[in-house]
1. Reachable lysines from Lys166, Cα under 25 Å, same-chain residues fewer than 8 places away excluded?
2. Between Asp60 and Thr172, what is the spin-label point distance in nm, taking each point 7 Å from the Cα along the Cα→C-beta axis?
3. Just to confirm, what accessible area per residue do you get for the chain at 1.4 Å probe, in whole Å²?
4. Taking the Cα atoms only, what angle lies between the long axis of helix 79-96 and the longest principal axis of the chain, rounded to 10 degrees?
5. In what order, largest first, do Arg124, Arg104 sit by accessible area if the probe radius is 1.4 Å?
6. With angles folded into 0 to 90 degrees, how steeply does helix 2-65 sit against the dominant principal axis of the chain? Use alpha carbons for both and round to 10.
7. On the accessible surface of the range 97-180, probed at 1.4 Å, how many percent belong to carbon and sulfur atoms?
8. Just one of (1) 39; (2) 47; (3) 22 is percent of Cα pairs over 27 Å apart calculated from these coordinates, so which is it?
Amino acid sequence: RSSDLLVYLVIIALTSATLGYAIYRLSSAKVLENTTLTLIHNNETVVLHFDAYLQDVRKDAIYLSKNPFLGDYLQGSGGTALRDKIALEFLALLAAKNHYAQIRVIGLENKGKEQIRVDQLDDRLFVVPDSMLQVKGDRDYFRETIRLPQDSIYFSAINLNQEYGKIFVPHTPTLRVGTP
């Protein structure tokens with residue numbers, strides 16, 4: 001009888017192990033399938049959000065480029081008073097769009113020197129003084145933007161921001177958008 005009991009225990013153990021293994025294989029395949037579907041869905045969602053973000057950025061660039069006061073300023077009328085008003089408008093846009101770090105106008109003259117720049121740094125908005133404006137004419141994004149037809153929008157590759165030839169710390173992935 002104890003040999004019969006041992007045979008039954010072995011049969012039960014083997015049956016349990018076989019069923020357990022089969023259930024494990026089916027479950028892991030289903031978990032893997034569900035995880036793959038979730039990743040695909042999440043990826044599609046991220047792509048949709050990023051595309052919507054880029055469209056929003058495109059609209060902002062068009063809005064800024066069509067600003068009649070900026071057009072007047074670039075034509076040489078209005079002087080510093082108009083430049084100051086444009087800078088205030090740029091500050092208002094930065095306040096509304098906290099994911100933007102800077103808005104600037106870079107002129108063709110003076111080797112591509114900034115004419116107006118407003119910055120957002122550590123939740124602080126400010127107009128950059130004239131003495132701190134930089135020359136950007138040698139930058140790829142500037143050279144590529146000015147070669148575009150009027151009303152075009154330039155999007156750079158996303159890279160780390162550099163200031164004065166050094167990578168800015170903390171590392172900040174940066175997308176530059178421009179219009180000629």
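The values are calculated or read from the model by the stated rules, or taken from the named source; none is laboratory data. In this text the structure is predicted, and so the values were computed from the model without any measurement. Every residue, glycine as well, gets a Cβ built from its backbone with ideal geometry; the counts of neighbours run over all protein chains shown. We work out accessible area using only protein heavy atoms, side chains counted, and drop any ligands, DNA or RNA first. Shrake-Rupley method; radii C 1.70, N 1.55, O 1.52, S 1.80 Å.
1. Lys111, Lys113, Lys136
2. It is 1.3 nm.
3. Per residue, the chain has an accessible area of 71 Å².
4. 10 degrees
5. Accessible-area ranking of Arg124, Arg104, largest first: Arg124, Arg104.
6. The angle comes out at about 10 degrees.
7. Ligands and nucleic acids excluded, carbon and sulfur reach 54 percent.
8. Working out percent of Cα pairs over 27 Å apart from the coordinates points to (2).
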